Each structure stands twice: as C-alpha cells, then as structure tokens.
Amino acid sequence: MAYDSSAGGPSFAEGGYGALRLLAYLTVAVMLMVADHRGGYLTQVRTWLTALNEPLYRAAALPVVALRSLRDSVISRGVLVDERDRLNAEMLVARAQLARMDELQRENTRLRELMGSSRGLAMRVQLAHLADLDLDPFRHRIVLDQGSRQGVREGLAIIDAKGLVGQIVAVAPLRATGMLISDASHAVPVQVQRSGLRTIAYGTGEVDRLVVPNIPQSADVREGDLLLTSGMGGGFPAGLQVARIVRLLPDDTRLFVVAEAEPVAALDRSGEVLLVWVPEPELDVGPPHASQTTEDAPVDGAPSP
Amino acid sequence: MSRSRARPGLFFVSLLIALLLGLLPLPAGLAVFKPYWVALVLIYWLLEAPDRVGLGMAFVIGLVADLVYGTLFGEQAMRLIIIAFLVLRFRARLRFFPLSQQALAVLGLLLNDRVVSIGIRAFGGEGLPPASIWLAPLVGMLLWPWLFLLLDRVSTGLRK
C-alpha cells in the first residue's frame with residue numbers, strides 16, 4: 001500500500017525523531033514563552049540565572065577591550081594633546097552655559113513653587129558604560145555595566161549627551177538591560193517644545209524613527225519641532241530632548257495627523273550613558289486616595305452632620 | 001559509526017564559541033549581517049553526530065541561548081527545535097549533498113527560522129522588523145562551507 005509507506009512508515013520513524021516529540025518540545029517551549037511573557041513567573045528565575053552569564057559576557061567583550069587598549073597604547077602624544085585642548089575648550093563653553101542654566105533653574109523652581117507645581121526638573125544622574133555586547137541587532141536592547149549592586153533599578157531613564165536613550169527594563173546584580181526608545185513596545189510621554197502640546201511618542205523597531213500618532217488636525221505641530229519628555233506619569237524626568245519631527249502625515253482615517261520623528265540621541269552606538277533618578281513627587285498625582293476623600297472632603301451623597 | 005566518535009569536548013567548545021560570536025559587537029552598519037552562529041554549529045553536529053545531538057539537546061541549547069541573549073524564555077529553544085527536527089528528518093539526504101547544495105539547504109533552514117522568529121515576536125507584540133532582517137541568513141549560507149570544513153578538519157585532527 002503506497003499510503004502506508006508514506007505515513008507512519010519506516011522513513012517517518014527514522015532515528016526515532018517523530019513529529020510527536022517535536023510537538024511535545026514545541027508545547028513546552030510555548031508554555032515557557034507564555035509564562036515568561038505574561039505572568040512574569042520566571043522573572044525571579046531569570047534574574048538568578050543571568051548572573052551566570054557574567055563570565056560569558058566578559059569573554060565576549062575581550063576582543064573589543066583588547067583593541068581599545070591597543071589603540072590607547074599606540075596613539076600618539078600629539079593626538080592626545082589635541083584632544084585634551086579640544087575637550088578643555090568644550091568644557092569651558094559647557095561651564096558657561098551651565099552657570100546660566102543654574103540661574104534659570106533657580107528662577108524656574110521659584111516660579112514652579114509659586115504655582116504649586118510638582119513637576120520637577122531636578123534629577124540625580126550616574127554614569128554607566130555600555131557593555132561591549134550585542135544581544136540582537138533587531139531587538140533594541142542595550143546592556144550596561146552597572147546592576148542592582150550599584151543601585152540601578154527598573155524604570156530608570158537612560159540619557160546620553162544629546163537626549164533620551166531609553167529606560168532600564170531588567171536588572172541583574174552586575175548588569176542592567178535597557179530598552180531603547182526605538183523599540184516597538186516602547187512609549188514615552190512627550191511635549192512639543194514650541195507649542196507645549198502633550199502627546200506620546202512610540203518606538204517603531206527602526207533605530208532612526210519614532211512615531212507620534214493621534215495628533216488632532218488642529219494641533220500646533222510643525223516639521224522640525226523638538227519633542228521633550230513631558231514628565232507625565234512620573235517615569236521620565238521632564239525636559240529631556242527626545243526627538244525632532246521630520247514628517248507629518250494624515251493617518252488612515254484622515255481625522256488625525258501622524259508625525260514621524262528622529263531620535264535626538266545616538267541610539268545605535270554611544271559608549272557612555274547616564275542613568276537618571278527622578279525624585280519622588282511631593283504632591284499627589286492622579287485620583288485622590290480613599291482615606292483623603294473621607295477626611296478632607298465628604299463625597300457627594302455622604303451623610304453630613 | 002566512526003564519525004560520531006568525535007570528542008564531546010569539541011562539541012561544547014564549538015557551541016560556546018558560537019554563543020560568544022553571537023555576542024560579539026560589530027560596527028553599527030554591519031550588525032544586521034550577524035549570522036545565527038548557534039544554529040550553524042548545531043546543524044553541523046546534527047549532521048555529524050546525531051546520536052549525541054537530538055531534539056532534547058537542541059532544546060537545552062536554545063534555553064541557554066535565551067538566557068545569554070535575553071530573549072523570551074523558550075524563543076530560541078523553539079527555533080532550534082524546529083531546525084533540529086528538519087535537519088534530522090532530511091539528514092540522510094543532506095549528508096551526501098555537495099557543500100554548495102548543503103549551503104542552499106542551510107539558507108532554507110535559516111530563512112524558515114526567520115519566519116518562525118518573526119511569528120514569535122509578532123505574538124509577543126513586537127511588531128514587524130525591518131527588511132534587513134533577511135540579510136543574516138544569506139551570510140549564514142556563505143559561511144556554511146567554511147564552517148563545515150573547519151569543524152570537520154578540527155574534529156578529524158583531534159581524533160588522530
């Protein structure tokens with residue numbers, strides 16, 4: 001019987017690798033993925049096991065570290081002197097700007113206090129180096145050389161000299177993984193610098209493009225506008241540069257405008273980044289707590305004495 | 001089978017090197033060309049030593065790779081099992097292909113792997129990746145003959 005030999009025959013059982021075993025393994029893999037993606041049941045296990053990666057990461061970074069130290073040792077004195085002079089000049093300019101900024105900031109804080117706004121610009125930063133690793137060019141993750149031992153925690157903003165780079169999504173004792181703002185699952189609350197319009201910028205999976213959907217037709221947005229973090233939601237400090245709008249397009253419904261923006265920071269490669277701690281807001285944001293409502297202002301319909 | 005008598009040491013060392021090569025940072029423009037080293041090495045061992053490397057081993061290697069690369073736990077395990085299944089299924093034929101045809105088969109495997117990984121990521125809500133994602137399998141195909149000859153040379157050298 002021709003049918004018999006083609007299905008379930010000896011060729012199928014060759015080496016004992018039947019479809020059943022494949023199915024069994026696939027099922028286990030799917031279950032693992034769902035457990036990891038959904039419940040985060042595996043987060044603890046993962047944090048634990050990622051510590052084992054450390055020697056591997058060290059080894060992978062070795063060639064780059066060796067190359068760099070070779071370059072450092074053979075680089076000529078003249079180049080170094082030039083570089084120092086240039087950096088000195090740059091620092092002088094930066095200092096001058098900083099002094100002015102300081103004054104502005106003080107004034108700004110005073111004004112904000114007058115207005116009773118809690119949206120702070122103050123922040124604490126810490127320098128971190130990018131590990132010389134490349135996890136997957138299509139995943140928009142970076143590995144930093146600081147972990148929970150240095151006080152890094154999930155949700156910290158990552159910036160470079162120009163603007164927002166991303167945020168920390170996973171922390172191991174000695175390493176932290178960051179998600180870039182260009183990741184397709186990343187979103188950041190932003191504000192158009194010129195008009196103050198608040199909206200949200202989403203990653204697209206391409207390193208040089210963000211999208212800002214659902215802008216009303218009447219909104220004041222132009223090409224070339226700079227997007228800053230708005231500080232809404234408390235995840236990112238306010239006032240960091242995020243992206244510059246390069247194109248405005250009508251969306252599918254023709255009721256809204258979609259803006260395409262180019263990130264300001266050098267996302268594809270920057271050697272050092274800063275981690276930003278946002279101070280806890282002093283004022284309450286969001287809906288009032290239950291205890292507050294009962295104490296301060298009786299809810300409508302509540303029996304009043 | 002005399003071919004599969006290769007030392008277990010070489011098997012683990014080659015996989016370790018493949019994992020490291022995958023982590024190696026490339027200049028920004030070249031990053032998209034990075035081939036799936038672990039899969040290439042795994043395919044070699046599936047062809048040469050199927051009594052040691054089976055679906056179970058592919059699964060374990062995939063889980064290790066998931067940990068190292070920080071992917072969803074089980075993602076690479078799934079991709080490698082599918083590759084392993086296909087290779088073992090057609091092993092009798094693949095083994096006697098000339099290297100150029102083997103390289104084409106590897107291209108097919110890697111392209112299929114890309115489809116699987118895009119599917120997994122789409123399920124995870126990551127959206128469609130850019131078109132340059134299809135370049136890496138081509139690099140894998142071009143590398144296959146050299147990798148095969150290298151591993152073959154090393155394993156016969158060790159056996160002497």
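Before moving on, here are some points about what is shown:
- Conditions (1) at positive phi; (2) within 14 Å of the chain's Cα centre (by Cα); number of the one not met by B:G125: (2)
- Filtered residues of the stretch A:172-202 (kept if within 11 Å of another protein chain (Cβ to nearest Cβ) and at pLDDT 90 or above): A:Y202
- Note on the stretch A:139-171: residues that are crowded, with 23+ Cβ neighbours inside 10 Å, within 14 Å of chain B (Cβ to nearest Cβ) and assigned to a loop (DSSP other than H, G, I, E, B) total 2.
- The stretch B:116-160, residues that are surrounded by 14 or more Cβ atoms within 10 Å (Cβ to Cβ) and among the β-branched types (V, I, T): B:V116, B:I118, B:I120, B:I133, B:V139, B:V154
- Candidates A:V93, A:V30: the one that is assigned to a helix (DSSP H, G or I), at pLDDT 85 or above and surrounded by 11 or more Cβ atoms within 10 Å (Cβ to Cβ) is A:V30.
- The lone criterion from (1) in contact with a Gly (Cβ under 8 Å, 6 or more places away or on another chain); (2) exposed (fewer than 15 other Cβ atoms within 10 Å of the Cβ) left unmet by A:L127 is number (1).
- Restricting the stretch B:107-160 to residues that are free of Cβ contacts under 8 Å to residues at least 60 places away in the same chain and of a type in the set (F, W, Y), the residue that is nearest to B:I43 (Cα to Cα) is B:W146.
- Here B:P137 clears all of (1) more than 10 Å from chain A (Cβ to nearest Cβ); (2) assigned to a loop (DSSP other than H, G, I, E, B) except the condition numbered (2).
- Qualifying residue in the stretch A:195-205 (condition: touching a helix residue (DSSP H, G or I) at 6+ places or on another chain (Cβ under 8 Å), farther than 17 Å from A:A265 by Cβ and part of a loop (DSSP other than H, G, I, E, B)): no
- Checking each residue of the stretch A:241-252 against the condition of being buried (at least 18 other Cβ atoms within 10 Å of the Cβ), farther than 14 Å from A:R209 by Cα and small (G, A, S) gives no match.
- Selection over the stretch A:4-27 of residues that are facing chain B (nearest Cβ under 7 Å) and modelled with pLDDT of 65 or more gives a count of 4.
- B:S155 vs. criteria within 10 Å of chain A (Cβ to nearest Cβ) and in contact with a helix residue (DSSP H, G or I) (Cβ under 6 Å, 6 or more places away or on another chain): no
The values are calculated or read from the model by the stated rules, or taken from the named source; none is laboratory data. What you are looking at is a predicted structure, and each value in this text was computed from that prediction instead of being measured. Here Cβ is always computed from backbone atoms with ideal geometry, including for glycine, and neighbour counts include all displayed protein chains.
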